[in-house]
Amino acid sequence: MSQTANVSPEEIARFDQLAARWWDPDGESRPLHDLNPVRATYIAAHVDLRGVRVADVGCGGGLLSEALACAGAKVTGIDLGQKVIDVARLHLHESNLDVDYRVQSSAELAAAEPAGFDVVCCMELIEHVPDPAALVHDLATMLKPGGRLFMSTLNRTPAAFGAAILGAEYVMRMLPRGTHHYAQFLKPSELGRLLRQAGLELEDVSGLGYNPLQRKAWLSRFTAVNYLLSAYKPA
């Protein structure tokens, strides 16, 4: 692992354990399958993806990367989990899509390709890293002037604790226990401050609703549990 990696070995190991069933819509990654279309639609509503360079940071097994590639984007997906990247690459043989998957940290990609991407996506990653400010700085560095950043994460509220930890990990057992740590959740105001410190302008925050029993996800004004945001880098 790179010394510049802003991640804990325990987090990498936890998600690598899920790699083999990442593309199983009824497996441990079921919530990702249910939320992915809404996330992809949100991104496509803010930017024309045809022909643009997109970095998917913390891409996992490639669900969002492939959805963006289907929309015409030229996608680079990075993750520090070797097993999840292996699964992502293997799935390209089934989907016949072209995605550049790399075992690489955000700091390494930012150093190698500063201002190299029209769009940067970082979904459900920031609540898992030791230094959220460093991650946001890396994401901003990757963006071209005028480019857009899309992120999703969990709000630090009792509602999010009940839904993401008690509900998903302990009651319904959709996720392994210990997947989330409440203290690492970020309020939209806190993430907005990190974005401004990195030179980005926040333009939208939307709630991401999810009914796991019906397996339905939707955008809403309710941001107390999970939320999506869009920010841009001034030209």
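The values are calculated or read from the model by the stated rules, or taken from the named source; none is laboratory data. Treat the numbers as computed from the prediction; the structure is a model and nothing was measured. In this analysis, Cβ positions are derived from the backbone assuming ideal geometry, glycine residues included, and neighbour counts consider all displayed protein chains. Only protein heavy atoms, including side chains, enter the accessible area calculation; ligands, DNA and RNA are left aside. Shrake-Rupley method; radii C 1.70, N 1.55, O 1.52, S 1.80 Å.
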Cross-link reach from Lys187 to lysines, straight Cα distance under 27 Å and at least 8 residues apart if same chain, gives Lys144, Lys216, Lys233
Once phi for every residue in region 193-209 is put through the Karplus expression 6.51 cos²θ - 1.76 cosθ + 1.60 (θ = phi - 60°), the whole-Hz ³J(HN,Hα) values, with Gly and Pro written as x, are 5, 4, 5, 5, 5, 8, x, 9, 10, 6, 10, 7, 10, 10, x, 10, x
Taking alpha-carbon centroids only, region 200-235 lies from region 75-120 a number of Å equal to 23 Å
Mean-square fluctuation maximum in Gaussian network of the chain, Cα pairs under 10 Å, restricted to Leu68, Leu90, Leu139, hits Leu90
Around Lys144 (Cβ within 15 Å, Cβ-to-Cβ, excluding Lys144; K/R +1, D/E -1) the net charge comes to -1
Nearest-0.05 FRET efficiency for Thr157 and Ala45 at R0 = 30 Å, using Cβ-Cβ distance, is 0.70
The chain, Gaussian network, Cα under 10 Å: of Asn36, Asn155, Asn211, the residue fluctuating most is Asn211
Given backbone amide H placed at 1.01 Å from N, residues whose amide H is under 5 Å from that of Tyr101, ignoring those fewer than 5 places away on the same chain, are Gly77
One finds, for Asp204 and Leu97 with R0 = 22 angstrom and r their Cβ-Cβ distance, a FRET efficiency to the nearest 0.05 of 0.20
Of the candidate values [x] 8, 33, 38, 17, 4, 0; [y] 7, 30, 35, 21, 6, 0; [z] 8, 35, 41, 16, 0, the one computed for P(r) over Cα pairs in 10 Å bins from 0, in percent from this structure is [z]
Expressed in square angstrom to the nearest 10, the accessible area of Lys233 with a 1.4 Å probe stands at 50 Å²
With every protein chain in place, the accessible area of Tyr42 for a 1.4 Å probe, in Å² rounded to the nearest 10, comes to 10 Å²
Among Cys121, Cys70, Cys59, the residue with the largest mean-square fluctuation in a Gaussian network model of the chain built from Cα contacts under 10 Å is Cys70
Result for region 1-92: accessible area per residue, probe 1.4 angstrom, in square angstrom, of 43 Å²
Computed ³J(HN,Hα) along region 37-51: with the Karplus parameters 6.51/-1.76/1.60, θ = phi - 60°, integer Hz and x for glycine or proline, the list is x, 5, 4, 5, 5, 4, 5, 5, 6, 9, 8, 6, 7, 5, x
Computed, not fitted: 222 nm per-residue ellipticity of the chain from DSSP H runs ≥ 4 (each -39500 (n - 2.57)), nearest 500, equal to -9500 deg cm²/dmol
Rounded to a whole %, the carbon-and-sulfur portion of the accessible area of the chain at a 1.4 Å probe is 54 percent
Rounded to one decimal in nm, the spacing of the 7 Å Cα→Cβ label points at Asp24 and Ala133 is 4.2 nm
Given backbone amide H placed at 1.01 Å from N, residues whose amide H is under 5 Å from that of Asp204, ignoring those fewer than 5 places away on the same chain, are Ser230
